[in-house]
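Below is one structure, written out as structure tokens; the observations come after it.
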Amino acid sequence: MDLQSSPSQSSPVAVLILAGGQSSRMGQDKALIDVEGTPMIRRVRDAARAALGAAVPVWGIAPLPERYRESLSECRWIEDHYAEGPFVAFLQALPHIQSEWLLLLACDLPALQPAVLNRWYRSLAQLPHSTLAALPRSDKGWEALCGFYHKRCFTSAVQFLGQGGRSFQGWLEQVPVFELVCSEQEMLLNCNTPEDLARVTKTSEEHALS
Ligand SMILES: Nc1nc2c(ncn2[C@@H]2O[C@H](COP(=O)(O)OP(=O)(O)OP(=O)(O)O)[C@@H](O)[C@H]2O)c(=O)[nH]1
């Protein structure tokens, strides 16, 4: 697996959005579904920018980047040559992004709260040097696709890949991860099914009315 690239200019933090996979539970490409009139992938980008500043570099990785270019124009796209899931996509993107911290986000997180992402980002400066990732937890375990990774994690992630590892959860069991407090668990909702989508739409309509 070739993980080389020409590195970009460094910045303290960047955002990486994952778009790809099968969307088999949704039955159509989740990234492009409108929630409150905005494609889900753009909502994710907008929340990240609101949290980290409009100038934060935003990257996307997808097997077919052209599918998303219109919805996410001001984004640097990387082609995912393997389409072997989120961990392998993340590893392909890391050599392109030289920021100290990377906020990794799935494209199917329509309820992200910028204030929470901002609070998490500000907490990173206090973490021990050994920390490679800072993530929230849910009852399913680490929320690997909604949190921060330090650039030092690359070596360990490549080693894990070399041992045949392909899953975030397996890798995260082996590295120092800091738990980000998340009492706002509703923002971690992955919109995977038409039922999830109906719930998100109903919640946003209720907020609009209140
Ligand atoms: N670039 C890239 N992103 C992926 C890949 N597989 C999944 N993703 C993204 O990872 C996130 C989580 O994906 P999942 O919901 O677990 O999987 P999915 O294939 O999209 O959906 P299902 O078929 O319903 O499981 C979403 O943002 C997907 O777009 C992949 O192979 N490459």
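Of all the residues in segment 15-37, those that are part of a strand (DSSP E or B), touching a strand residue (DSSP E or B) at 6+ places or on another chain (Cβ under 8 Å) and either free of Cβ contacts under 8 Å to residues at least 12 places away in the same chain or near the ligand (Cβ under 8 Å from one of its atoms) (or both) number 2. Inclusion of Ser99 among residues that are over 23 Å from Arg122 (Cα atoms) and either in contact with a Pro (Cβ under 8 Å, 6 or more places away or on another chain) or in a loop (DSSP other than H, G, I, E, B) (or both) is not warranted.
Going through Arg152, Arg137 one at a time, which residue ends up being more than 16 Å from the ligand (Cβ to nearest atom), closer than 26 Å to Ser24 by Cα and either free of Cβ contacts under 8 Å to residues at least 24 places away in the same chain or under 19 Å from the mean Cα position of the chain (by Cα) (or both)? Can you show your working first?
On the way: Arg152 fails: closer than 26 Å to Ser24 by Cα.
So the residue among Arg152, Arg137 that is more than 16 Å from the ligand (Cβ to nearest atom), closer than 26 Å to Ser24 by Cα and either free of Cβ contacts under 8 Å to residues at least 24 places away in the same chain or under 19 Å from the mean Cα position of the chain (by Cα) (or both) is Arg137.
Selection of segment 140-151 for residues being crowded, with 16+ Cβ neighbours inside 10 Å and of a type outside the set (A, V, I, L, M) yields Trp142, Glu143, Cys146, Gly147, Phe148, Tyr149, His150, Lys151. Which residue out of Ser183, Ser204 is in a loop (DSSP other than H, G, I, E, B) and away from the ligand (no atom under 15 Å from the Cβ)? Being in a loop (DSSP other than H, G, I, E, B) and away from the ligand (no atom under 15 Å from the Cβ) holds for just one of Ser183, Ser204, which is Ser183. Taking the condition outside any loop (DSSP other than H, G, I, E, B), within 16 Å of the ligand (Cβ to nearest atom) and either in contact (Cβ under 8 Å) with a residue 60 or more places away in the chain or farther than 19 Å from Pro39 by Cβ (or both), does Leu105 pass? Spelling it out, Leu105 is indeed outside any loop (DSSP other than H, G, I, E, B), within 16 Å of the ligand (Cβ to nearest atom) and either in contact (Cβ under 8 Å) with a residue 60 or more places away in the chain or farther than 19 Å from Pro39 by Cβ (or both). For segment 90-139, taking the residues that are modelled with pLDDT of 95 or more and of a type in the set (Asp, Glu), the one that is surrounded by the most Cβ atoms within 10 Å (Cβ to Cβ) is identified as Asp108.
Note down all Cβ pairs under 7 Å where the first residue falls in segment 161-184 and is closer than 17 Å to Pro86 by Cβ, the second is among the β-branched types (Val, Ile, Thr) and not in a strand (DSSP E or B), and they're at least six residues apart or on different chains. Listed pairs, sorted by first residue: Arg166/Val88.
The values are calculated or read from the model by the stated rules, or taken from the named source; none is laboratory data. None of the values given here were measured: they were computed from a predicted structure. Quick reminder, even Gly has a Cβ in these numbers, built from the backbone with ideal geometry, and neighbours come from all protein chains shown.
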